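Asker: Okay, here's the structure, questions in a sec.
Readers should treat all values here as calculations from the given coordinates under stated rules, not as data from a laboratory. Everything quoted here is computed from the prediction, not taken from an experiment. Please note: Cβ atoms are built from the backbone with ideal geometry, for glycine as well, and neighbour counts cover all protein chains shown.
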Amino acid sequence: MIVVLKYLVPKGYTGMTIFPFIFLKSKGLKTSAILINHEKIHLKQQLELLILPFYMWYIIEFVVRYIQYRNWFLAYKNISFEREAFCNDVNLDYLKSRPFWHFLKYLSAHDF
């Protein structure tokens with residue numbers, strides 16, 4: 001379910017997924033197929049990890065990446081969940097053939 005809540009999405013971001021919702025910064029973003037696909041990839045990741053473990057992993061990996069890069073943006077972009085979503089959001093058929101737990105491929109990949 002897509003919900004537009006300008007003040008829930010953090011500054012500097014256009015969307016955010018908290019299962020089962022995709023929150024967008026503005027109504028016009030509903031037509032962005034790439035953004036919606038990116039967020040749907042996160043929905044799939046959250047389901048695979050049974051939701052709560054996804055958020056725990058996300059936060060822990062962010063902290064590790066922040067220590068690694070000493071930069072908020074680089075830490076965020078290099079979280080394995082984000083790497084998978086950014087690398088595949090333009091492929092609108094990605095979720096049809098995506099292997100189970102495919103985000104693991106992006107744990108040790110090169111920096112974004």
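Asker: If you look at just the Cα atoms of the chain, how large are its Rg and its Dmax in Å?
Answerer: Rg and Dmax of the chain, Cα atoms, are 13.6, 36 Å.
Asker: Cα atoms only, the stretch 26-85: Rg and Dmax in Å?
Answerer: Expressed in Å, the Cα Rg and Dmax of the stretch 26-85 come to 12.9, 36.
Asker: I need the peptides 2-11, 22-31 ranked by packing, meaning the mean over residues of other C-beta atoms within 10 angstrom, with the highest value on top.
Answerer: Values: 2-11: 11.6, 22-31: 15.7.
Ranking the peptides 2-11, 22-31 by packing returns 22-31, 2-11.
Asker: Just name one of 66, 47, 29: the one whose Cα is farthest towards the positive end of the charge dipole of the chain (beta-carbon charges, Lys/Arg +1, Asp/Glu -1).
Answerer: Working it through, the farthest residue towards the positive pole turns out to be 29.
Asker: In debye, nearest 20: dipole of the chain around its Cα centre with unit charges on the Cβ of K, R (+) and D, E (-)?
Answerer: Details: 14 positive and 8 negative charges, 66 e Å.
So the dipole magnitude of the chain works out to roughly 320 debye.
Asker: Label 7 Å along Cα→Cβ of residue 68; the stretch 46-61 residues with amide nitrogen under 19 Å?
Answerer: 54-61
Asker: Then there is this: Summing -39500 (n - 2.57) over the DSSP H runs of n ≥ 4 in the chain and dividing by its residue number, what mean residue ellipticity at 222 nm do you reach, to the nearest 500 deg cm²/dmol?
Answerer: Values: 5 runs with 53 residues, N = 112.
That calculation yields -14000 deg cm²/dmol at 222 nm.
Asker: Still on this structure, please answer the following. How many lysine pairs in the chain, separated by 8 or more positions in sequence or lying on different chains, have Cα atoms less than 13 Å apart? Please list the in-between numbers first.
Answerer: Details: 6/25; 6/27; 6/30; 11/25; 30/40; 40/96; 44/96.
Number of lysine pairs found: 7.
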